[in-house]
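Q: Handing you a structure now.
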Amino acid sequence: MIWRHGTIVLSINETNQNYQFRSVGTYAHGSFKDVDEDQIAKLSAHPKVKAVGRRTVIGICTSGAFAKDYGEVGFMDDARARWSYTKPTVGRTPKSGKEIAMDTRALALLGVEPELGTEVTLTYTLTDKNQLGRDVTDTFTLVGWWEYDELMAVHFFNISEEYARRMEAMAVEEGMEPFRTDLSVMLANSLNIENTLTQIGEDCGYSVGEKVGQLRIGVNWGYTSTQILDTLDAGSILAITAVLILIAFTGYLVIYNVFQISVAGDIRFYGLLKTIGVPPRQLRRVIWQQALLLSGIGIPVGLELGYGVLAVPVALSTSIMSGKYTIISISLWIFLGRQYLLC
């Protein structure tokens, strides 16, 4: 029972994180905000950084069809697009010129049928790191799209890096600041993200903080470990420990009593066989055959029904996290531990 609870807890946690990531807009561990090319090169080369993704925002959509559906126009490389759930399921990411990719609801709001190669006219407002600029209306070629995600707080209009740089040069000539580029990073794990990002920045020779001239970092609060570190105190630790002990103890009692009853019945049965003259060798063969038969049938069927069909799906279906974003997470260590203790 405790192992089933463990799988349910893992699945609920993974599902909750999935919801949080989509609300945040990415599952990258964190980011370095408003960085230049030299900073990107240094930070990307740090050994604690496992993968990087870039994003440059050039404008926003807040009028017309997007008066109630906020949109951002910008460049994302393939890694950042994947981490932000904006990797096209049909077509590809923009590579050059006036190419664009977006979600299906954004296409519907623009009155455009999702068809590769079709023209999309979009009006947006240029924005640098400090201010809004003038409105721009441009016609793009649709090269990819993905299904609309109702959990996402913004529509992403992904354009090519070539177009982003061209618009940045034009905006700077008009007196605006360079556009903001963020470097998203994936680390070895999600433990202590803020301290790890701070250490990376300091190792690269930067002062990390929120003051002018300092390197700013962003931590993905969608990760459970981040939320726990922000809210954990002595009382919370004691409460969590008490719940875990209670679950472990009740699970142990149930399993122990069930097996105790089963073993007592088997002892009487095999005692009768021995009484009527069944040889010990034959008795051992009967025990092994029965054990292998019951294990071969019962373990796979029980795991499939208990975890894949009944326990986890039913538990999640009764929560607010049921739906297409539900994730059933199964840990091999939980099953191995369960089998070890049962043996």
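To keep it simple, each residue is scored yes or no on (1) closer than 17 Å to Ala65 by Cα; (2) not in a strand (DSSP E or B).
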{"position": "Leu107", "(1), (2)": "yes, yes"}
{"position": "Gly111", "(1), (2)": "yes, yes"}
{"position": "Glu115", "(1), (2)": "no, yes"}
{"position": "Gly133", "(1), (2)": "no, no"}
{"position": "Asp138", "(1), (2)": "yes, no"}
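Q: Moving to a separate point now. Give me the pairs, please: first residue somewhere in the range 1-29 and surrounded by 18 or more Cβ atoms within 10 Å (Cβ to Cβ), second residue anywhere and part of a helix (DSSP H, G or I) and modelled with pLDDT of 80 or more, beta-carbon distance under 7 Å, and either six or more positions apart or on two chains.
A: So the pair list comes out as Thr26/Trp83; Tyr27/Phe21; Tyr27/Trp83; Ala28/Trp83; His29/Ile193.
Q: If Ile193 satisfies every condition in (1) of a type in the set (A, V, I, L, M, F, W, C); (2) more than 30 Å from Ala106 (Cβ to Cβ); (3) modelled with pLDDT under 90 but one, which is the exception?
A: (3)
Yes/no matrix, rows are residues, columns are (1) among the acidic types (Asp, Glu); (2) in a strand (DSSP E or B); (3) out of contact with any Leu (no Cβ under 8 Å at 6 or more places or on another chain):
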{"position": "Glu150", "(1), (2), (3)": "yes, no, yes"}
{"position": "Phe156", "(1), (2), (3)": "no, yes, yes"}
{"position": "Ala169", "(1), (2), (3)": "no, no, yes"}
{"position": "Leu183", "(1), (2), (3)": "no, yes, no"}
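Q: Just name the residue that is farthest from Asn158 (Cα to Cα) out of those in the range 88-105 that are out of contact with any helix residue (DSSP H, G or I) (no Cβ under 7 Å at 6 or more places or on another chain) and in a loop (DSSP other than H, G, I, E, B).
A: Thr89
Q: Is at least one residue of the range 69-81 of a type in the set (Phe, Trp, Tyr), within 13 Å of Ala28 (Cα to Cα) and crowded, with 21+ Cβ neighbours inside 10 Å?
A: no
Q: Name the residue, out of Thr121, Thr139, that is farther than 29 Å from Lys33 by Cβ, in the same structural domain as Lys98 (by TED's automatic domain parsing) and without any contact (Cβ under 8 Å) to a residue 40 or more places away in the chain.
A: Testing whether each residue is farther than 29 Å from Lys33 by Cβ, in the same structural domain as Lys98 (by TED's automatic domain parsing) and without any contact (Cβ under 8 Å) to a residue 40 or more places away in the chain leaves just Thr121.
Q: From the list Glu162, Glu150, Glu99, Glu119, which residue is modelled with pLDDT of 95 or more and surrounded by fewer than 13 Cβ atoms within 10 Å (Cβ to Cβ)? It would help to see each step written out before you state the result.
A: On the way: Glu162 fails: surrounded by fewer than 13 Cβ atoms within 10 Å (Cβ to Cβ); Glu150 fails: modelled with pLDDT of 95 or more; Glu99 fails: surrounded by fewer than 13 Cβ atoms within 10 Å (Cβ to Cβ).
On inspection, the qualifying residue turns out to be Glu119.
Q: Which of the residues belonging to the range 245-278 are assigned to a helix (DSSP H, G or I) and of a type in the set (Gly, Ala, Ser)?
A: First pass over the range 245-278, keeping only residues assigned to a helix (DSSP H, G or I): 245-275.
If the condition is that a residue be assigned to a helix (DSSP H, G or I) and of a type in the set (Gly, Ala, Ser), then Ala248, Gly251, Ser262, Ala264, Gly265, Gly271 are the ones that fit.
Q: Among the candidates Val52, Val35, Val73, Val57, which residue alone is assigned by TED's automatic domain parsing to the domain that holds Lys95, within 21 Å of the chain's Cα centre (by Cα), of a type in the set (Val, Ile, Thr) and modelled with pLDDT of 95 or more?
A: Val52
The values are calculated or read from the model by the stated rules, or taken from the named source; none is laboratory data. Treat the numbers as computed from the prediction; the structure is a model and nothing was measured. No Cβ is skipped: glycine too gets one built from the backbone with ideal geometry, and neighbour counts run over all protein chains shown.
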